[in-house]
1. Against the definition (assigned to a loop (DSSP other than H, G, I, E, B), within 30 Å of VAL200 (Cβ to Cβ) and not hydroxyl-bearing (Ser, Thr, Tyr)), how does PRO41 come out, yes or no?
2. If only one of ALA62, ALA113 is in contact with a helix residue (DSSP H, G or I) (Cβ under 8 Å, 6 or more places away or on another chain) and either closer than 16 Å to ILE153 by Cα or loosely packed, with under 13 Cβ neighbours inside 10 Å (or both), which one is it?
3. When segment 91-100 is examined, which residues are found to be part of a strand (DSSP E or B) and in contact with a Pro (Cβ under 8 Å, 6 or more places away or on another chain)?
4. Being at pLDDT 95 or above and among the acidic types (Asp, Glu) narrows it down to one residue among GLU65, GLU112, GLU129; which is it?
5. Kindly indicate the residue of segment 65-104 that is under 21 Å from ALA128 (Cβ atoms) and under 18 Å from the mean Cα position of the chain (by Cα) and also surrounded by the most Cβ atoms within 10 Å (Cβ to Cβ) among those meeting that condition.
6. Restricting attention to segment 10-38, and to residues there that are in a loop (DSSP other than H, G, I, E, B) and not charged (D, E, K, R), which single residue is nearest to ALA170 (Cα to Cα)?
7. Look through segment 164-197, keep the residues that are within 16 Å of the chain's Cα centre (by Cα) and part of a strand (DSSP E or B), and return whichever of them is modelled with the lowest pLDDT.
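The values are calculated or read from the model by the stated rules, or taken from the named source; none is laboratory data. Treat the numbers as computed from the prediction; the structure is a model and nothing was measured. Glycine also receives a Cβ, built like all others from the backbone with ideal geometry; neighbour counts cover every protein chain displayed.
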Amino acid sequence: MSARNAILRRIDAALGPARSADTIRAEAAALLEDPQSVRPPAAQGDLTTRFMDAVGRLPPGASVERIAGMAALPAAVRARLDALGRPPRLKIQPVAELAELDFAGAGIARDEAVNDGVSLSLARTAIAETASLVLRSGPDMPILDAFLPLHHIVAVPASGIVPFLDDALATADLAASRNLVIVTGPSGTTDIEGSLVIGVHGPATLHIVVVD
């Protein structure tokens, strides 16, 4: 017996007897009837606290702060740019909630390009369990703004934080976007000798601003 056949035989043995598509479908439906039964125990605290605590467990380069409202966002962004030692300019997602804010009053200029620069995005949904942000592509969300900048700043409303991934997907209109991207911390890879390297395939830092 060839090594390939030996491997396939062990896989068949592990899978067990074949089951019909109807049986598999019924098992999947049963899981959806009571999702709480297959969820891990939730951490203590309200969703915003749980989300911010989870950000603290992400790899280096992830950070989070909380502000009282959207009107305070320009000042928070300016403080972040100053902390990074960057000039006061960045690419801002062309969405109404950000367009109406007074970034000029905070001394911030707008960039059209984002390569190796800084971008500001709005995530309407975040996941408390994993500190993940849900970004949906569309006319007002150039999805590359989440991948091309060296530094990414993301505002998320506290009201948009949900406990688990399936909560985020349950309300997502997947037909309304070309894609939906789930971002968890800055870009990182351990492809080279198992050493964690930050910022290889995307932003080196991710700063999240939770907006009450």
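1. Details: assigned to a loop (DSSP other than H, G, I, E, B): yes; within 30 Å of VAL200 (Cβ to Cβ): no; not hydroxyl-bearing (Ser, Thr, Tyr): yes.
Criteria not met by PRO41.
2. Numbers: ALA113 fails: in contact with a helix residue (DSSP H, G or I) (Cβ under 8 Å, 6 or more places away or on another chain).
Exactly one of ALA62, ALA113 is in contact with a helix residue (DSSP H, G or I) (Cβ under 8 Å, 6 or more places away or on another chain) and either closer than 16 Å to ILE153 by Cα or loosely packed, with under 13 Cβ neighbours inside 10 Å (or both), namely ALA62.
3. Passing the criteria: only LYS91.
4. On the way: GLU112 fails: at pLDDT 95 or above; GLU129 fails: at pLDDT 95 or above.
Answer to the check: GLU65.
5. That would be ARG66.
6. Per the criteria, the residue is SER20.
7. GLY188
Conditions tested, residue by residue: (1) without any contact (Cβ under 8 Å) to a residue 60 or more places away in the chain; (2) outside any strand (DSSP E or B).
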position	(1), (2)
ARG50	no, yes
LEU81	yes, yes
ARG86	no, yes
ASP102	yes, yes
ASN115	yes, yes
SER121	yes, no
ALA126	no, no
THR130	no, yes
